[in-house]
Amino acid sequence: MKLIIAIIKPFKLDEVRDALGAIGIQGMTVTECKGFGRQRGHTEVYRGAEYVVDFQPKTKVEIVVSDDQCAATIEAVISAAKTGKIGDGKIMVQAVENAVRIRTGEQGDQAL
Amino acid sequence: MTRPRIRTLARDGVPLLACFAALAWPAVARAEDAFDSGDTAWVLTSTALVLFMTLPGLALFYGGLVRTKNVLSVLMQCFALASLVTLLWLVCGYSLAFDGTGMQEGVTSLSSFIGGLSRLFMRGVTPDTPSGSIPEILFFVFQMTFAIITPALIVGTFAERMKFSATLVFSAVWLLVVYAPICHMTWGGGGSFFADMGVFDFAGGIVVHITAGVSALIACIVIGPRRGFPTTPMPPHNMTMCVIGTGMLWVGWYGFNGGSALAANGNAAMAITVTQISAATAAFTWMSIEWVVNGKPSMLGLATGAIAGLAAVTPASGFVGPIGGFSIGLASGFLCYLASTTAKRALGYDDSLDVFGVHGVGGFVGTVLAGVFAAGVFGGLEGDLAVGRQVGVQLLAAIITVAYTAAATFVILKLVDLSVGLRIDEEGESRGLDLSLHNEVGYNLETGR
């Protein structure tokens, strides 16, 4: 199993959700978060006083999938989240040791 | 008109027998019949509009500009001051501002500077007591709304760090020591100091905006900057709230300036017209300067410009025509922008919500320019006004007000600091005034709560 962490632009969330649904992904966890990469932050000006805001609002999507779904999942996220402009985000992949469905006690791929 | 008369007599506690006696003598005219119902209706309406400027207009305007952790403290200062000033105005504020006992036109005496004590607790005022063409009780409550907004304007300067108790004590003393005498000197009628000088202040450029603005400058210097200023970012936490408040202030200003005609007539109509023109001009001016200087126009700039134009046209509104409204808007939009941005940064004081830059500077500019644009040659309503002399009079009154207000405010603040203390401690300031002083938070937005 793999944990896929995708940091994306917030307004791309719905498209990413639909793309993942279309390849049969059953669930995901979504978190509003802040951060920066090469895009850096932005500047706000109030009555002439400038404030540099370092962190951009981003959305973090976490998906756990079986090993054979991993490549398709990454492909779906990229296809939906890509604008081609700086700040599109990152995808990280981690190995997952186990997963348990709390209701039934099913384990591993069965729990996804 | 029999029925209202019965009601009035009954309310006055006149015995039933006397009611019948009055009915039997229709020739006995009651003062109520002397009121102009049109004037009374407009000033009643204006009273509500001006209170609406503070509750909740100014409260929202200021509340949106502070940080999340201090939003309630600012809302609360505005609402608490409305209550406090109401009581003070009833007890003695109105009397000290408007009791003209002993005044004589052209004679300078103590009563030229401060009102008497014959109106404490509105003594002797019934619904039938006239003040011009309206009931005196209406004049009392209309003026009360002005007395409420003036100290409330000042709280913007020491937002996010002044103790609530200190705010109340300072404002109470300030109302009686600064507002009441300046109000009396300006609007006390023949025999009051500025009135005898021939000063034009239609709706409170001197009485409201110069006093509030200058006090704000002194207060923010005495109390010192917010911790972290200017290196820590302190952006407005809710611009939407701020803009809603601005809209309420703008609309309410029709009552502020239009109502100050104390009549439903062409003078009131011209006052609200020039008010609108000045607000629009200053808003557009401020926005345009930002567009050029910063590359982008901002909502806060547009809103602040509108307030600057409204403050500046206040003293002039009943004396100038549309050209005056436009010119005052242009001048105040430009000068208040400079005062609130470039000048403030250069001098380094933390007038947190720009009370001095907007109201002090705007009020001063409008007071002086009223002496120019009141002249008939500029479309003003004062015919062949001697502009040079009038500008001198306006300038002199403004400078006297600045000097007295600054000195008195400084002394009051020092006394408050020695007694209750002006400033919240460092930990309380970093936690935010809402939690530290009021055990509340403005927003409970955590998921699941």
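Here are the numbers for this structure:
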| read-out | value |
| --- | --- |
| Taking chain A and dividing mean pair separation by its residue count, relative contact order in percent (alpha carbons under 8 Å, at least six apart) | 42 |
| Exceeding the 19 Å Cα-Cα cut-off - candidates A:K60/B:K69; B:K69/B:K296; B:K296/B:K344; A:K2/A:K60 | A:K60/B:K69; B:K69/B:K296; B:K296/B:K344 |
| Under 18 Å from the A:R17 label point (7 Å along Cα→beta-carbon), backbone N, the range A:53-77 | A:58-64, A:76-77 |
| Fewest-first sequence of A:I86, A:I5, B:I307 by Cβ atoms within 10 Å of each Cβ | A:I86, A:I5, B:I307 |
| Calculated FRET efficiency for the pair A:Q107/B:L120, C-beta based, R₀ 51 Å, to 0.05 | 0.05 |
| Within 10 Å of each Cβ in B:292-300, the average number of Cβ atoms from other chains | 2 |
| Between the range B:294-336 and the range B:344-375, the Cα center-to-center distance that results, in Å | 11 |
| Protection-proxy order for peptides B:227-234, B:436-443, A:96-103, each taking the mean of Cβ atoms within 10 Å per residue, highest first | B:436-443, B:227-234, A:96-103 |
| Among A:T43, A:T29, A:T73, residue whose mean-square fluctuation peaks in a GNM of chain A (springs only between Cα atoms under 10 Å) | A:T43 |
| Gaussian network model of chain A, springs between alpha carbon atoms under 10 Å - residue of A:G48, A:G27, A:G87 with greatest fluctuation | A:G48 |
| Over the range B:57-167: Kirkwood hydrodynamic radius from C-alpha pairwise inverse distances, Å | 15.8 |
| Angle in degrees between helix B:71-88 and the longest Cα principal axis of chain B, rounded to the nearest 10 | 30 |
| Residue mean of other protein chain beta carbons inside 10 Å, A:39-51 | 6 |
| Chain B: relative contact order as a whole-number percent, Cα under 8 Å and 6+ apart | 21 |
| C-alpha long axis of helix B:2-11 to longest principal axis of chain B, angle in ° | 70 |
| Förster-model FRET efficiency, 35 Å R0, A:T43 and A:S66, C-beta, rounded to 0.05 | 0.20 |
| In Å, descending, principal axis extents of the Cα set of the protein assembly as shown | 102, 61, 48 |
| Highest-fluctuation residue, B:A212, B:A375, B:A283 considered, GNM on chain B with Cα pairs under 10 Å | B:A375 |
| FRET E, pair B:E440, B:A407, Förster distance 41 Å, beta-carbon r, rounded to 0.05 | 0.65 |
| Other protein chain Cβ atoms within 10 Å, averaged over every residue that makes up B:230-236 | 3 |
| With Cα atoms, 0 to 90° folded angle of helix A:70-81 axis to chain A main axis | 30 |
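Every read-out reported here was derived from the displayed coordinates using simple, explicitly stated rules and does not represent laboratory data. This is a predicted model, so every value here is computed, not measured. Note that we place each Cβ from the backbone using ideal geometry, even for glycine, and neighbour counts take in every protein chain shown.
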